[in-house]
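Structure first, commentary second.
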Amino acid sequence: MFCQSARFVKEHQGNIRDISVFGQESNPTTWKLAKMNLAIRQLETNLGKHNADSFHDDRHKALKANYILVNPPFNVSDWGGERLREDIRWKYGVPPVGNANFARLQHMIHHLSPAGGVSGTVLANGSLSSNTSNEGIVRE
């Protein structure tokens, strides 16, 4: 997605130096591949010094982004939500322990700039209608 964003900027006579990619990845192999892929395309990046779990080791705590683009894994049940029941990121309701979809969504919202930040987040189809474990309240 970031590589396509760079292509879009170039095709519209923009400068890819205006793009900064911040993020993180918990899988060490995927983290290395992402760093390499973005470096080859000469995109300014900060993926953290090492792979890390964004829920339990947020490498960009103070980040408030203008745009967020994310395609997280769907329906992750072992995300450690039981240790994060009182987290500041849960502005719209505590997400269920057994499914990280709404935790990821609220994590992205937490990192949006209050001056009109926009997020494009891909979620599982079931996220549109599920009402189990507080999901309906968070979605509302």
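At a glance:
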| quantity | calculated |
| --- | --- |
| The stretch 25-50 - residue that is β-branched (V, I, T), under 15 Å from M1 (Cα atoms) and loosely packed, with under 13 Cβ neighbours inside 10 Å and, of those, farthest from the chain's Cα centre (by Cα) | I40 |
| Failed condition for Q42, given (1) on the phi > 0 side of the Ramachandran plot; (2) in contact with a Pro (Cβ under 9 Å, 6 or more places away or on another chain) | (2) |
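Conditions (1) modelled with pLDDT of 90 or more; (2) within 17 Å of V122 (Cα to Cα); (3) assigned to a helix (DSSP H, G or I); (4) in contact with a Lys or Arg (Cβ under 9 Å, 6 or more places away or on another chain), marked per residue:
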| position | (1), (2), (3), (4) |
| --- | --- |
| A6 | no, no, yes, yes |
| D53 | yes, no, no, no |
| H60 | yes, no, no, no |
| P72 | no, yes, no, yes |
| I88 | yes, no, no, no |
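Quick grid of which residues meet (1) part of a loop (DSSP other than H, G, I, E, B); (2) under 18 Å from G23 (Cβ atoms); (3) of a type in the set (D, E, K, R); (4) not assigned by TED's automatic domain parsing to the domain that holds N125:
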site: L69; (1), (2), (3), (4): no, yes, no, no
site: V76; (1), (2), (3), (4): yes, yes, no, no
site: W79; (1), (2), (3), (4): yes, yes, no, no
site: R85; (1), (2), (3), (4): yes, no, yes, no
site: K91; (1), (2), (3), (4): yes, no, yes, no
site: P95; (1), (2), (3), (4): yes, no, no, no
site: N99; (1), (2), (3), (4): yes, no, no, no
site: L105; (1), (2), (3), (4): no, yes, no, no
site: M108; (1), (2), (3), (4): no, yes, no, no
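Per-residue answers, yes or no, for (1) in contact with a strand residue (DSSP E or B) (Cβ under 7 Å, 6 or more places away or on another chain); (2) under 20 Å from H60 (Cβ atoms):
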site: L105; (1), (2): yes, yes
site: H110; (1), (2): no, yes
site: A115; (1), (2): no, yes
site: L128; (1), (2): no, no
site: E140; (1), (2): no, no
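The values are calculated or read from the model by the stated rules, or taken from the named source; none is laboratory data. From a predicted model like this one, the values you see are computed outputs, not experimental measurements. As a convention, Cβ positions derive from the backbone with ideal geometry for all residues, glycine included, and neighbour counts pool all protein chains shown.
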